[in-house]
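The values are calculated or read from the model by the stated rules, or taken from the named source; none is laboratory data. The structure presented is a predicted model; accordingly, all values stated were derived computationally and were not measured. With ideal geometry, Cβ positions are generated from the backbone for all residues, glycine too; neighbour counts draw on all protein chains shown. To get the accessible areas, we keep the full protein, side chains included, count just its heavy atoms, and leave off ligands, DNA and RNA. Shrake-Rupley method; radii C 1.70, N 1.55, O 1.52, S 1.80 Å.
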Amino acid sequence: WRRDSRAQAEVRRVIAVMSETPEEKISVGVDGCGVPVFAVPFSNIARSFLRLARPELIRDDRLAEAVRHNAARLHAHPEMIAGRDLVCTVLAKNPDLLGKSGALGVYAMGIRSLGLGVVVKVMDGSHDEFGAIAIRVLESLGCAPGTLAELKALNPDQILNDNREVVGRREAVFTPVP
């Protein structure tokens with residue numbers, strides 16, 4: 001947990017490699033538990049998720065093998081990333097996809113077959129929209145129909161009140177930018 005430890009130096013090195021961010025450009029803060037938290041520019045988060053989905057793009061052979069090994073475990077046990085019936089879990093069931101929420105409304109995905117990393121920021125920091133975001137990404141890219149169906153079942157677009165009356169609709173309305 002100490003910022004100057006060898007473990008944190010290795011974490012920073014790996015983040016630099018995965019995100020293509022020079023180490024000196026990686027910001028560091030501290031989370032509520034006192035653990036260092038590293039930050040890179042937004043587009044570099046997408047690059048990291050591309051490399052998580054496509055470890056053959058990682059130039060460090062040892063790191064690439066670690067990503068392959070851990071991604072295989074993640075896909076074999078998807079509930080271990082976030083629990084059951086959550087966006088991250090549903091995506092991880094599909095060996096073509098990876099996804100993970102981050103702090104303050106950040107959601108990132110990697111899509112192996114398309115060679116694509118995706119990152120989205122919900123401006124108010126909410127996590128409630130992650131299902132709609134993943135649905136919009138997969139629909140707009142025309143991929144993973146089975147995963148898309150499962151996400152839609154778990155994340156209905158209708159918003160109900162306590163009386164089970166429809167009071168609104170949830171829809172992601174962004175256009176993916178290459």
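Here H127 fulfils each of the conditions (1) farther than 30 Å from E56 by Cβ; (2) in contact (Cβ under 8 Å) with a residue 24 or more places away in the chain; (3) surrounded by 15 or more Cβ atoms within 10 Å (Cβ to Cβ); (4) in contact with an Asp or Glu (Cβ under 9 Å, 6 or more places away or on another chain) apart from (4).
Number of residues in region 89-131 that are under 20 Å from R170 (Cα atoms), among the aliphatic types (A, V, I, L, M) and more than 14 Å from the chain's Cα centre (by Cα): the value is 1. The set of residues in region 101-124 that are touching a residue at least 24 places away in the same chain (Cβ under 8 Å) and among the charged types (D, E, K, R) comprises R112, K121. Within region 97-117, the set of residues being over 20 Å from A153 (Cα atoms) and either surrounded by fewer than 17 Cβ atoms within 10 Å (Cβ to Cβ) or modelled with pLDDT of 95 or more (or both) comprises G102, A103, L104, A108, G110, I111, R112, S113, L114, G115, L116, G117. Look at region 49-63: where a residue is in contact (Cβ under 8 Å) with a residue 60 or more places away in the chain and a partner is among the basic types (K, R) and crowded, with 16+ Cβ neighbours inside 10 Å, sitting 6+ places away or on another chain with Cβ atoms under 7 Å, you get A53/R112; R54/R112. Applying the condition of being acidic (D, E) and part of a loop (DSSP other than H, G, I, E, B) to region 1-33 and asking which residue is least open to solvent (accessible area, probe 1.4 Å) yields D31. Scan region 171-178 and tell me whether some residue there is in contact with a Ser or Thr (Cβ under 7 Å, 6 or more places away or on another chain), within 16 Å of L50 (Cβ to Cβ), of a type outside the set (D, E, K, R) and open to solvent by 50 Å² or more (accessible area, probe 1.4 Å). Yes, region 171-178 contains a residue that is in contact with a Ser or Thr (Cβ under 7 Å, 6 or more places away or on another chain), within 16 Å of L50 (Cβ to Cβ), of a type outside the set (D, E, K, R) and open to solvent by 50 Å² or more (accessible area, probe 1.4 Å).
Given the criteria open to solvent by less than 60 Å² (accessible area, probe 1.4 Å) and of a type outside the set (D, E, K, R), does L138 qualify? Full working, then the answer.
Numbers: open to solvent by less than 60 Å² (accessible area, probe 1.4 Å): yes; of a type outside the set (D, E, K, R): yes.
So L138 passes the test.
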